[in-house]
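Report on the structure given below.
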Amino acid sequence: TWITTNTLLARYNLAAALVMGQWAALGSPGARDNPQAPRRIENRLRQMRLAGPDVNRLLTEPERRDKNALIAALEKRLLQGELKDKQKAALREYLDSQGDLDEGDLLCAIRLVMSTPEYQLT
């Protein structure tokens, strides 16, 4: 019951903001209740200097190079189980479309896994 159509989009946006290091994606919570709140929140978030995860520390070099190893590593680090076959195929299709993976591609793969129902229920 805690995952609704309203909260799911917010969860996806939070995952994107955390992974990509872009707090602007979160919008301005509390604007209706307190017009000063968004400015205070934005200022505080800027002070935090949010950055996405360091893929070089999160994933080994072989995991960053081999797409099958990457998917297995993301499942192991982010989920309590495995992705469903359809989701794994979609993630693999994304990775294959990128050719040689760079840091941005790896961050997008992390964000995609964080946007799955399996992650939301982990």
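Rule-based calculations on the coordinates, nothing more; no lab input. Predicted, not measured: the structure shown is a model, and the values here were computed from it. Counting neighbours? That spans all protein chains shown, and the Cβs are built from the backbone with ideal geometry, glycine included.
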How many nm separate the modelled label positions at Gln98 and Leu14, each set 7 Å beyond the Cα in the direction of the Cβ?
2.4
Heads up, segment 64-122 by the C-alpha gyration tensor (a ≥ b ≥ c square roots of eigenvalues; a/c under 1.5 rounded, else a/b over b/c prolate, else oblate) looks prolate
How long is the gain from Thr5 to Asp54 if the chain were fully straight, where each residue apart is worth 0.36 nm and the alpha carbon distance is subtracted?
14.6 nm
